[in-house]
Amino acid sequence: MAGSNRASAFVNEPIVCLCTEQAPAVSQSFQMSKYKVLVMRHGEGAWTQENRFCSWVDQKLSADGVKEALACGHLLREAGYQLDVVYTSLLSRSIHTAWLLLQAIGQEWVPVVKSWRLNERHYGALIGLNRAEMALNHGEERVKQWRRSYDLTPPPIEESHPYFLEIYNDRRYSTCDVSKEDLPRSESLKDVLERLQPYWDGTIVPEIKKGKLVLISGHGNSCRALLKHLEGISDADIVNVTLPTGTPILIELDENFRPTKPMQLLGDQEAIQAAIRKVEDQGRSKK
Ligand SMILES: O=C(O)[C@@H](CO)OP(=O)(O)O
């Protein structure tokens, strides 16, 4: 892990991440950044409107999600970013976000590379359930733990689950670097990091080391897992990290892939705070 005591909080806090006083992972000597990487959660998905756990169900972007992806591209174009490669999951909402962003930035030729290892966290038996109803039945704190804790794994998806066949019979999952039987049936954030890290280390890092500007169009929890790794966010602090949809996060790294400065959420900071609150509020019972 890169560093170990760096706390970041995206909830009710200034957008630049907060650093604990002790042993921050950010280089003390203000080393020059050697590498930059952009990480973003896809635009809002269609099921966000219904407030259902989406996970590996292949929902498309909502109308607002399309707008968010295009707005990201415009933002990056205005800031002069020149992308070299974009990584997505195998899920349409992450891929469409990449396509729309590349269209808006005017860099459609940039390769888009896809892997199940960037998929959203597998929510197991919770897939398809409504978060507010879950909060009413089980309590908001329990739902927060299910959504945001590091090592809590929801019950696995059973073959009788309404979305089981839709997920596991999908041809895209015969293209993975593991057999269908070895794909997850439920995951904690820790599990997500464990399946994502080999892809980060073995596929993405070598491209960044060649000097390429990489953008990762991932999901709320696959991006949280990656940020936990890169920023050295503790198991306890990651509970308070919620990512807004459609917001690029700029991470600057030194030659050892340690952050040289706090990560930056790019865009209008008030709008970003509102977007974070919107995601947080999905877990409320709305009494
Ligand atoms: O539905 C999901 O899979 C995720 C968001 O992609 O939900 P949550 O924000 O509750 O982790």
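The values are calculated or read from the model by the stated rules, or taken from the named source; none is laboratory data. Worth saying up front: this structure is predicted, and the values here are computed from it rather than measured. FYI the Cβ positions are ideal-geometry reconstructions off the backbone, even for glycines, and counts take in every protein chain you see. Side chains are part of the model used for accessible areas, which takes the heavy atoms of the whole protein and leaves out ligands, DNA and RNA. Shrake-Rupley method; radii C 1.70, N 1.55, O 1.52, S 1.80 Å.
Calculate, in whole percent, how much of the Cα-Cα pair population of the chain lies beyond 35 Å. Don't jump to the answer; show the numbers that get you there.
On the way: 4880 of 41041 pairs.
Across the chain, Cα pairs with separations above 35 Å total 12 percent.
Using the Cα atoms of the range 215-287 to build a convex hull, what is its mean projected area in square nanometres? Walk me through the numbers on the way to the answer.
Working: hull surface 23.2 nm².
Over all viewing directions, the range 215-287 projects a mean Cα-hull area of 5.8 nm².
Stick to Cα atoms and the Kirkwood definition of Rh, then tell me Rg/Rh for the range 97-176. It would help to have the intermediate numbers written out before the result.
Values: Rg = 17.0 Å, Rh = 15.6 Å.
Checking Rg against Rh, the ratio lands at 1.09.
Where does the longest stretch of the chain lie that holds no chymotrypsin sites (Phe, Trp or Tyr not before Pro) found in a DSSP loop with 11 or fewer other Cβ atoms within 10 Å?
Numbers: sites that count: 30, 109.
Free of exposed loop sites, the longest segment is 110-287.
Accessible area per residue for the chain in Å², computed with a 1.4 Å probe and the full protein assembly in place, what is it? It would help to have the intermediate numbers written out before the result.
Values: 12410 Å² over 287 residues.
Here the residues of the chain average 43 Å² of exposed surface.
With all distinct Cα pairs included, what does the Kirkwood hydrodynamic radius of the range 42-151 come out to in Å, to one decimal, could you say? Don't jump to the answer; show the numbers that get you there.
Values: mean 1/r = 0.0658 Å⁻¹.
Over the range 42-151, the inverse of the mean reciprocal pair distance is 15.2 Å.
What are the ³J(HN,Hα) couplings of the range 59-71, residue after residue, when phi is run through the Karplus curve with 6.51, -1.76, 1.60 and θ = phi - 60°? Round to Hz, x for glycine and proline.
6, 7, 6, 6, 4, 5, x, 4, 4, 4, 5, 5, 4
Cut-off 10 angstrom, C-alpha nodes, Gaussian network model of the chain. Which of 142, 224, 171 fluctuates the most?
171
Which of the residue pairs 190/278; 190/228; 190/286; 36/114 have a Cα-Cα distance greater than 18 Å in the structure shown?
In this structure, 190/278; 190/286; 36/114 lie more than 18 Å apart at Cα.
Taking the C-alpha atoms of the range 144-202, how large are the radius of gyration and the largest Cα-Cα span, Dmax, in Å?
Considering the range 144-202 through its Cα atoms, Rg and Dmax are 12.9, 36 Å.
Taking 8 Å as the Cα distance limit and 6 or more residues as the minimum spacing, I'd like the relative contact order of the chain as a percentage.
Numbers: 606 pairs, mean separation 96.8, N = 287.
Relative contact order comes out at 34 percent.
Around residue 187, with a cut-off of 15 angstrom between Cβ atoms, what is the net charge of the other residues, counting Lys and Arg +1 and Asp and Glu -1?
Working: positive: 117, 121, 147, 148, 185, 190, 195, 224, 228; negative: 120, 151, 182, 191, 194.
Here the charged neighbours net out to +4.
Whole-Hz ³J(HN,Hα) for each residue in the range 113-124, computed from phi via Karplus 6.51 cos²θ - 1.76 cosθ + 1.60 with θ = phi - 60°, x for glycine and proline: what do you get?
Calculated HN-Hα couplings, in order: 10, 10, 8, 4, 5, 9, 3, 4, 3, 7, 8, x Hz.
When only DSSP loop residues count, what GluC sites (Glu not before Pro) in the range 43-110 have their Cβ near at most 12 other Cβ atoms within 10 Å? Please list the in-between numbers first.
Numbers: sites: 44, 50, 68, 78, 108; in loops: 44, 108.
Taking the range 43-110 and a limit of 12 other Cβ atoms within 10 Å, the loop GluC sites (Glu not before Pro) found are 108.
Express the carbon and sulfur contribution to the solvent-accessible surface of the range 60-145 as a percent, rounded to the nearest whole number, probe 1.4 angstrom. Intermediate results must be reported in sequence, preceding the final value.
Numbers: 1880 of 3640 Å².
Roughly 52 percent, rounded to a whole number.
Using 0.36 nm per residue, how much length does the chain from residue 166 to residue 286 gain when fully extended, once their Cα-Cα distance is taken away? Write out the running numbers ahead of the final one.
On the way: separation 120, 0.36 × 120 = 43.20 nm, distance 3.05 nm.
Residue separation times 0.36 nm, minus the Cα-Cα distance, leaves 40.1 nm.
Probe radius 1.4 Å, ligands and nucleic acids left out: which of 122, 138 has the largest accessible area, and how do the rest follow?
Values: 122 0, 138 100 Å².
Heavy-atom accessible area, descending, gives 138, 122.
Determine the dipole magnitude for the range 63-184: charges of +1 sit on the beta-carbon of Lys and Arg, -1 on that of Asp and Glu, nothing else is charged, the reference point is the Cα centre, and the result goes in debye to the nearest 20. Let's see the in-between values first.
On the way: 14 positive and 17 negative charges, 39 e Å.
Dipole about the Cα centre, nearest 20: 180 debye.
Please state, as a whole number in µm²/s, the translational diffusion coefficient that the Stokes-Einstein equation yields for the range 126-279 at 25 °C and 0.890 mPa s, with Rh defined as the Kirkwood radius across alpha carbon pairs. Walk me through the intermediate numbers first.
On the way: Rh = 17.6 Å.
Value of D from the Cα-based Kirkwood radius: 139 µm²/s.
Please compute the net charge surrounding residue 243, taking Lys and Arg as +1 and Asp and Glu as -1 over other residues with Cβ under 13 Å from its Cβ.
+3
With both bridge residues required to lie in the chain, what share of the DSSP beta bridges run antiparallel, to the nearest 5%?
Values: 11 of 23 bridges.
Just about 50 percent of them are antiparallel.
Determine the calculated [θ] at 222 nm for the chain from helices alone, applying -39500 (n - 2.57) to every DSSP H run no shorter than 4 residues and normalising by the residue count; nearest 500 deg cm²/dmol. The partial results should precede the final answer.
Working: 10 runs with 98 residues, N = 287.
Taken over the chain, the calculation gives -10000 deg cm²/dmol.
Run a plain Debye calculation on the range 174-257 (Cα atoms as equal point scatterers, no solvent) and give log10 I(q)/I(0) at q = 0.11, 0.13, 0.22, 0.25 Å⁻¹, rounded to two decimals, same order as the q list.
Scattering profile of the range 174-257, log10 relative to I(0): -0.34, -0.48, -1.26, -1.44.
Quick check: residue separation of residue 152 and residue 109 times 0.36 nm, minus the Cα distance between them. What number comes out in nm? Don't skip to the answer; put the middle values down first.
Numbers: separation 43, 0.36 × 43 = 15.48 nm, distance 4.02 nm.
My answer for the length gained is 11.5 nm.
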